[in-house]
Amino acid sequence: MLLAAAALPGLVACGSSTSGNPSASSETSAASVKLFDPCTQIPDDTVVAAGLKPATKESGIAGVHQSGWEICAWNGRTYSLTVYSTGRTVDEFEHKAGNVDFQDVVIGGRQGRQFRVDGASKDLGCDVVFPASQGVLQLGLLNYAGVDNLDDPCTLLTRIGASIVPVLPK
């Protein structure tokens, strides 16, 4: 009984940290690629130019690293921005249940695919994925609920993304 309890955390840790049904080859490629680390490779002056506070930087999801991803988030006055780096593909994002309203956009001179995540906060958030040699880079903006006179999140993401996108790898 004790042995089974000790093995359980290891079995849980082997699961994928993303939802959906990525193929085994995408999991292998995501793990084997050296990912861009937004927490260490986006300079503080770039973060400030995007209206964010460098001191609020948080790596991972709630401080927990996610296998196959490098994730960093910062807070601004009325929104937060998260930058994700993964070996996955734009196609995987487009086929993930709950990702909706895809359209082509250009931010900071770079072509990307804008989308929203269906659900209660759909009108507060906006995401853009950019193909990169390592896989995908994603910017996710979330307006704070309960704040009056918020900008449209996709319009805001396009504006502040222009500060972030030039430092992202191709």
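The values are calculated or read from the model by the stated rules, or taken from the named source; none is laboratory data. Quantities reported herein were computed from a predicted structural model and do not represent experimental measurements. Glycine also receives a Cβ, built like all others from the backbone with ideal geometry; neighbour counts cover every protein chain displayed. Surface areas here come from the heavy atoms of the whole protein model, side chains and all, with no ligands, DNA or RNA. Shrake-Rupley method; radii C 1.70, N 1.55, O 1.52, S 1.80 Å.
Solvent exposure of Ile107, expressed as accessible area, is near 0 Å², computed with a probe of 1.4 Å over the protein chains only. Residues whose amide H lies under 5 Å from that of Ile107, counting only those 5 or more places away or on a different chain, are Gly112; hydrogens are built 1.01 Å from N in the peptide plane. The residues neighbouring Arg110, those whose beta-carbon lies less than 14 Å from its own, together hold a net charge of +1 under the Lys/Arg +1, Asp/Glu -1 convention.
Charged neighbours of Lys122, selected by a Cβ distance under 15 Å, balance to -3 (K, R count +1; D, E count -1).
For Asn143, what charge total do you get from the other residues with a beta carbon under 10 Å from its beta carbon, if Lys and Arg give +1 and Asp and Glu give -1?
-3
The relative contact order of region 64-170 comes to 26 percent, based on Cα pairs under 8 Å that sit 6 or more residues apart.
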